[in-house]
Structures are given as structure tokens and as C-alpha cells.
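Below is one structure, written out as C-alpha cells; comments come after it.
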């Protein structure tokens, strides 16, 4: 997706449905040279040092990581061709800013999201679907009360914690978090908090690039990014908690290491290796049930 030299791209805009989804860039300068969008990088673990022409008309969103800078002309060119730019932490563990002035080229997903959220019966159906994804099995048709669903998931999560504790050899005394004194938590609870923060950031990226409405959560409600919390929770058992337990084990083997740094770096590598953000994007499309032929991103 990244090529050295001039591309001579045609000026016609390409619909988002026909573009590649995400391009990851870091440690370099994104600028316009001779009408082309050029990324000049000092080199990363995935891209050799050099100057690269960016086929921005073929990409829906550029994720600009640490060490990345962008010129005003580059922002202008991206906006003209409706290519999103998101400033992120290393490998997607944080989201700092979103530059998507026009959003997706159609409102299909946002309208579907609003319709499902505003219809009480449909909203419960989506919540049930999300709980089924989290539990890994369909729910009984008579279970439509969200408090009951939370109880079912709570019992399952206790088993997940116990199994991960045994798998990674990490002592587990239960989930706890003191907001007034977060440093009082043990290493595993700290790691869970840091892994959850990273997963939440990845979910915010996925929500932003799909054109869904962040505020309209189906399970979470009060947060301005409630839907991102919904999506992050779909990956709690399969991604977030394994990261936390693995990070804690590494922390125990390296006395004096910082649990936040260990967890954040492990989360970034996991997100990239397992393509977690693309998985989140697919889950959003599945949850909102937008037909492939009409998808915006």
C-alpha cells in the first residue's frame, strides 16, 4: 500500500467501500510534495527509512502514530479527498485526535445505529446480541432483562479470571479498583486497568472509522463514547484479560519493571499481530447489520 516514487494518481475520488481500510504510519513527516502526499520516515519495525508516496485516494483512514507530524497542506489534501487522519498511540493503544471533517461518504451506518438505539425492542435485541458474542453462545429467548444478562456474564467472568490465573500462573484474589488510590491495587488489577484503557482506545478508533455514533451505546449509557465501551467489552475475555495476565507474568519475571509500560507495549503488539482493530470494525458492522453493498467504510 506504500510505494516509493511518484504515483500519478488520478484525481477522481474513490468511494470508501472500494478503498483499503487503514494505513499505519509512525516516526515521520506527512507532507505534500509536487502534488503528492509523501511520508518521510526515519524507519520503524514495519517500514524502512525513506520517502514514500501515499496512495491516499485508495485508503479510508491513516493512523498516525508516535513521532509522526503532519503539514497543513497534507490535512487539506486529505480533507479534499475525504481520507480520515487519526493521531494514535503506539500500535493503537491510545486515540488522541480524529481529523475526519466529512466522515464516511454515506450516512447509512449512522442512521441504522440511531434507528436501532431509539427503538426499545431493537435496542434490547442488539444488547442481547452483544452479550451472546461476549458469552460465546446464543442466549435463551426468554432472557430479555439486561440485569439478568449482566448476572449471567458476571458468573462467566469469574470462571474466565480463574482459568487465566491458572493458565499464566498469576495469583488472583478478585477484581478491585480504588479510584481514590489506584496505586493500592495489586499488579494484576493494575494490568487489567491498563489493558482495558488500551482496548477502549482501539475501540474508539474502530468506531470513528466506521462512522458509527460514539454516544449511542446499547449496554453502556452515560459515557460520551458508550458505543466504544460496548465494542471493547466484546474483546474483554479474548484480548484484554489475556494481555493483562501475560503482562503481569512478565512483570513478575522482571523485578523493577513498570506494569503500565509492560502492559501497554504488550497490548500494542497484540493489537497489531492479531489485527484487533479490523476485528472490531467487523464486529461493529455485524452488530449494526449494514448490508455489504451499502457499507461506508
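The values are calculated or read from the model by the stated rules, or taken from the named source; none is laboratory data. The structure presented is a predicted model; accordingly, all values stated were derived computationally and were not measured. Positions of Cβ are generated from backbone atoms using ideal geometry, with glycine treated the same way; all protein chains shown enter the neighbour counts.
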Give segment 58-85 a look and list any residue that's farther than 17 Å from residue 40 by Cβ, surrounded by fewer than 20 Cβ atoms within 10 Å (Cβ to Cβ) and either out of contact with any helix residue (DSSP H, G or I) (no Cβ under 9 Å at 6 or more places or on another chain) or not assigned by TED's automatic domain parsing to the domain that holds residue 30 (or both), or say none. 76, 79, 80
When you scan segment 217-230, do you find a residue that is closer than 26 Å to residue 132 by Cα, surrounded by fewer than 18 Cβ atoms within 10 Å (Cβ to Cβ) and modelled with pLDDT of 95 or more, even just one? no
Unique residue being touching a helix residue (DSSP H, G or I) at 6+ places or on another chain (Cβ under 7 Å) and part of a helix (DSSP H, G or I) when the list is 126, 170: 126
Which numbered condition residue 114 misses (of (1) touching a helix residue (DSSP H, G or I) at 6+ places or on another chain (Cβ under 7 Å); (2) part of a helix (DSSP H, G or I); (3) at pLDDT 90 or above): (1)
Out of segment 86-110, which residues are modelled with pLDDT under 90, within 17 Å of residue 203 (Cα to Cα) and either in a strand (DSSP E or B) or out of contact with any helix residue (DSSP H, G or I) (no Cβ under 9 Å at 6 or more places or on another chain) (or both)? 98, 99
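Among the residues that make up segment 175-182, is at least one of them surrounded by fewer than 20 Cβ atoms within 10 Å (Cβ to Cβ), modelled with pLDDT under 95 and part of a helix (DSSP H, G or I)?
Keep residues of segment 175-182 that are surrounded by fewer than 20 Cβ atoms within 10 Å (Cβ to Cβ), which gives 175-182.
Now drop any that are not modelled with pLDDT under 95, which leaves 175-182.
With the extra rule that they be part of a helix (DSSP H, G or I), the set shrinks to 182.
Looking through segment 175-182, at least one residue is surrounded by fewer than 20 Cβ atoms within 10 Å (Cβ to Cβ), modelled with pLDDT under 95 and part of a helix (DSSP H, G or I).
State the number of residues belonging to segment 215-224 that are over 20 Å from residue 108 (Cα atoms) and in contact with a helix residue (DSSP H, G or I) (Cβ under 8 Å, 6 or more places away or on another chain). Give the derivation first.
Within segment 215-224, the first condition is being over 20 Å from residue 108 (Cα atoms), and the residues that meet it are 219-224.
Narrowing further to those that are in contact with a helix residue (DSSP H, G or I) (Cβ under 8 Å, 6 or more places away or on another chain): 219-220, 223.
Summing the residues that are over 20 Å from residue 108 (Cα atoms) and in contact with a helix residue (DSSP H, G or I) (Cβ under 8 Å, 6 or more places away or on another chain) in segment 215-224 gives 3.
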In segment 7-22, is there at least one residue being within 26 Å of residue 204 (Cβ to Cβ) and at pLDDT 80 or above? yes
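Among the residues of segment 201-214, is there at least one that is farther than 23 Å from residue 282 by Cβ and touching a helix residue (DSSP H, G or I) at 6+ places or on another chain (Cβ under 7 Å)?
Narrowing segment 201-214 to residues farther than 23 Å from residue 282 by Cβ: none.
No, every residue in segment 201-214 fails to be farther than 23 Å from residue 282 by Cβ and touching a helix residue (DSSP H, G or I) at 6+ places or on another chain (Cβ under 7 Å).
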